[in-house]
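Q: I have a structure here, written as structure tokens, and I will follow up with some questions on it.
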Amino acid sequence: MIDEDDVSSRVPWSSAALGHSDLVRMYQQGPSILIGLLGAHNTGKTTFLAANYLQLLLGEKYETGEFCGSQTLGAWESIASWARINNENQLPSFPPHTPRGVERTPGLLHFGLKDINDVVKNIFLTDAPGEWYTRWAVTEDAVDAVGAKWTALHSDAFIIFADCEKLEGDERSTARRELRMIIERLGESVGLRPTLLVWAKSDKDPSDGIKRAIQRALESNIPHAREVEVTVAKPNSFIKALELILTEAWTPNFCLPITEPIMGNTPFLAYRGHHEKF
Ligand SMILES: Nc1nc2c(ncn2[C@@H]2O[C@H](COP(=O)(O)OP(=O)(O)OP(=O)(O)O)[C@@H](O)[C@H]2O)c(=O)[nH]1
Ligand SMILES: [Mg+2]
């Protein structure tokens, strides 16, 4: 029985990262865009998220729409707090490695964006451990990579991370191989979904040969993908990068236009109107 004197109400959210059931609920409530962040361990995915959040706090804006709230403020804070100077005199640092759990879906960070026509969209960004993607790139159905497979299946758009630091260093062959395999694996199912290759840690400079090899892999597997550079040395680069993918994903592509096949050889049956070329 409802106690009518009890005026307290339960807060429906904890502000922590969202899970699958939260996503299903919110995705159905209004226009939403789920962006999958793909990349091997240590490639800069969580830094990308934290940097975007910190830039928003500083008042930076996306051209697509203005920040208008978040259901995961606690989660944003917990990744961004590492970059702050705190009372215990700890120096700012990068967020820690995203723990490799047993979840079947990645942690999801959320914010709302409102465009000039007052259309609000929910933006969801995945934050998953890089090992998932390396594993998934080798074996799509691996039991310890179900979250990566889920991300590839359900995301509306993708950001792939290329780690310039590793691509420049002693482990460059491993980095190149891992990245190429992730690109190839995503290429199998990406279709026409917007994709962005982010050259993360672009304050480092891999050789032109390595960069070209990755660009060739991108061109043959995901020809519509675009490229952008980000680095903590230019904090605004993170806003610009997310902006680019948001712009492409904001208005979804509808089905490809249907073109009727030419069924006969007579000019009468082949006629498609004045605008069509024969
Ligand atoms: N030089 C340089 N180093 C960076 C930059 N961004 C991130 N790093 C370094 O890269 C490390 C990994 O960054 P994360 O954002 O944690 O990488 P991640 O992809 O989330 O890693 P996982 O959670 O393990 O998958 C950081 O701890 C920094 O040492 C950058 O712009 N420049
Ligand atoms: Mg991480």
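Q: What number of residues in region 63-87 are more than 20 Å from G112 (Cβ to Cβ) and either of a type in the set (S, T, Y) or not in a helix (DSSP H, G or I) (or both)? Let's see the steps before the verdict.
A: Of region 63-87, the ones more than 20 Å from G112 (Cβ to Cβ) are 81-87.
Add one more test, that the residue is either of a type in the set (S, T, Y) or not in a helix (DSSP H, G or I) (or both), and what stays is 81, 84-87.
Residues in region 63-87 being more than 20 Å from G112 (Cβ to Cβ) and either of a type in the set (S, T, Y) or not in a helix (DSSP H, G or I) (or both): 5 in total.
Q: Could you identify the single residue in R180, R185, R172 that is among the basic types (K, R), at pLDDT 95 or above and more than 21 Å from the chain's Cα centre (by Cα)? Don't jump to the end; show me each part of the working.
A: Numbers: R180 fails: more than 21 Å from the chain's Cα centre (by Cα); R185 fails: more than 21 Å from the chain's Cα centre (by Cα).
From the options R180, R185, R172, the qualifying one is R172.
Q: Please go through region 100-123 and pick out each residue that is within 16 Å of ligand 2 (Cβ to nearest atom) and under 23 Å from R185 (Cβ atoms). Walk me through how you get there before you give the answer.
A: Narrowing region 100-123 to residues within 16 Å of ligand 2 (Cβ to nearest atom): 100-101, 103, 105-109.
Of everything in region 100-123, those that are within 16 Å of ligand 2 (Cβ to nearest atom) and under 23 Å from R185 (Cβ atoms) turn out to be R100, G101, E103, T105, P106, G107, L108.
Q: Is at least one residue of region 136-147 touching a residue at least 24 places away in the same chain (Cβ under 8 Å), part of a helix (DSSP H, G or I), buried (at least 22 other Cβ atoms within 10 Å of the Cβ) and of a type in the set (V, I, T)?
A: There is no residue in region 136-147 that is touching a residue at least 24 places away in the same chain (Cβ under 8 Å), part of a helix (DSSP H, G or I), buried (at least 22 other Cβ atoms within 10 Å of the Cβ) and of a type in the set (V, I, T).
Q: Can you run down the residue pairs with Cβ atoms below 7 Å, 6 or more apart or on separate chains, where the first is in region 78-98 and of a type in the set (V, I, T) and the partner is within 16 Å of ligand 2 (Cβ to nearest atom)?
A: Every condition considered, the pairs that remain are I79/T46; I79/L49; I79/A50; I79/P95; T98/T46; T98/D127; T98/A128; T98/P129.
Q: Restricting region 197-214 to residues that are buried (at least 21 other Cβ atoms within 10 Å of the Cβ) and without any contact (Cβ under 8 Å) to a residue 60 or more places away in the chain, which is nearest to ligand 1 (Cβ to nearest atom)? Walk me through it before giving the result.
A: So in region 197-214, the residues buried (at least 21 other Cβ atoms within 10 Å of the Cβ) come out as 197-201, 206, 214.
Right, trim to without any contact (Cβ under 8 Å) to a residue 60 or more places away in the chain and you get 197, 199, 206, 214.
Working: L197: 14, W199: 10, P206: 12, I214: 17 Å.
It comes out as W199.
Q: How many of the residues making up region 1-43 are modelled with pLDDT of 95 or more and part of a loop (DSSP other than H, G, I, E, B)?
A: 5
Q: Would you check which residues across region 68-112 are within 14 Å of ligand 1 (Cβ to nearest atom) and among the β-branched types (V, I, T) and list them?
A: Within region 68-112, I79, T98 qualify.
The values are calculated or read from the model by the stated rules, or taken from the named source; none is laboratory data. All of these numbers come straight from a predicted model, not from anything done at the bench. Glycine also receives a Cβ, built like all others from the backbone with ideal geometry; neighbour counts cover every protein chain displayed.
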